[in-house]
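Following: one structure in structure tokens, then a few remarks.
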Amino acid sequence: MLVHICCSVDSHYFLQRLRKDHPNERIVGYFYDPNIHPYSEFLLRFEDVKRSCEKLGIELICGEYDYEAWLGGTKGLEDEPEKGKRCEYCFDFRMKDSAKKALELGLSKITTTLLMSPKKDFSQLKKALDEAVAGSNLEAVAVDYRKNGGTSEQFILAKKDKLYHQNYCGCVFALKKQRDSQNLPQSELMSELHARALYGSIEARLELYKKVRECEARGEKFHLFRRRFLNYRLLRASVKFQNAVIPSYFVLYS
């Protein structure tokens, strides 16, 4: 069975339940999520999915990050709400590629860990799976593990295993809507010169979770703490002398 994976928080619990229900099935994880933006966030989520799959002993494949192809199909859907037509398109795009990969690998079934997400529409996902396997010998497996306390167990497990819990769905359109509603800038899309990781940035979290994997690989105990601090992004600045702008570089937090 090929399991399309969206993120570690959804996949970690889903894969354990799935393996329990299908003990004799070969399970292959497929991280195919070109909707995730920016690319650093894609890498961060894959890093933690890889970590989760290593813990569970699940085979994992990373799909191509064909963001331009995904983006091309969103024209006219930019302002769609969550669970709207843009989400339908996004599910269809990823499930069709997942079905193609399953056939390449000689697998007989496909499913997705998106079914575990409390913010996704189950009927939309089931429809996307069914349409992806239509005309093939593949079987779509749409199981709802959210029921009967599944969602609560999912988050307890994610916290216990210190998984990365993202704070937005993934696409740039959903990010914009979410940050606009919070009256916050889209700091996720800002980057520093010389590729330096800014405090509180996606790049900084990526470095953190790479260290987490390294600690676990060495069998070292560690703790993750949340720390509040004044975080800002310098949007515009200049240094002038006698009304002439001087070429300058502003050091972060200077």
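The values are calculated or read from the model by the stated rules, or taken from the named source; none is laboratory data. If you're wondering where the values come from, they're calculated on a predicted model, not measured in any experiment. Because the Cβ atoms are built from the backbone with ideal geometry, glycine has one as well, and the counts that use them run over all protein chains shown.
For N183, the conditions (1) surrounded by 12 or more Cβ atoms within 10 Å (Cβ to Cβ); (2) at pLDDT 90 or above; (3) assigned to a loop (DSSP other than H, G, I, E, B); (4) polar (S, T, N, Q) all hold with the exception of (1). Condition test on R17, is it at pLDDT 95 or above and out of contact with any Cys (no Cβ under 6 Å at 6 or more places or on another chain)? Judged against the criteria, R17 is a match.
For region 41-74, a tally of residues being under 24 Å from F122 (Cα atoms), surrounded by fewer than 19 Cβ atoms within 10 Å (Cβ to Cβ) and basic (K, R) returns 0. Can you tell me how many residues in region 191-215 are outside any loop (DSSP other than H, G, I, E, B) and either within 16 Å of the chain's Cα centre (by Cα) or surrounded by fewer than 17 Cβ atoms within 10 Å (Cβ to Cβ) (or both)? Residues flagged as outside any loop (DSSP other than H, G, I, E, B) and either within 16 Å of the chain's Cα centre (by Cα) or surrounded by fewer than 17 Cβ atoms within 10 Å (Cβ to Cβ) (or both) within region 191-215 amount to 16.
Could you say whether any residue in region 146-167 is of a type in the set (G, A, S), touching a His at 6+ places or on another chain (Cβ under 9 Å), in contact (Cβ under 8 Å) with a residue 40 or more places away in the chain and part of a loop (DSSP other than H, G, I, E, B)?
Scanning region 146-167, I find no residue that is of a type in the set (G, A, S), touching a His at 6+ places or on another chain (Cβ under 9 Å), in contact (Cβ under 8 Å) with a residue 40 or more places away in the chain and part of a loop (DSSP other than H, G, I, E, B), so the answer is no.
On inspection, E220 fails the criterion of being charged (D, E, K, R) and either assigned to a helix (DSSP H, G or I) or touching a strand residue (DSSP E or B) at 6+ places or on another chain (Cβ under 8 Å) (or both). For region 91-102, state whether one or more residues are in contact with a strand residue (DSSP E or B) (Cβ under 7 Å, 6 or more places away or on another chain), of a type in the set (D, E, K, R) and surrounded by 19 or more Cβ atoms within 10 Å (Cβ to Cβ). Yes, region 91-102 contains a residue that is in contact with a strand residue (DSSP E or B) (Cβ under 7 Å, 6 or more places away or on another chain), of a type in the set (D, E, K, R) and surrounded by 19 or more Cβ atoms within 10 Å (Cβ to Cβ).
The residue that is farthest from V49 (Cα to Cα), counting only those in region 122-160 that are surrounded by 16 or more Cβ atoms within 10 Å (Cβ to Cβ) and within 17 Å of the chain's Cα centre (by Cα), is L125. Here is a check on your reading of the model: is F31 crowded, with 17+ Cβ neighbours inside 10 Å and free of Cβ contacts under 8 Å to residues at least 24 places away in the same chain? The answer is no for F31.
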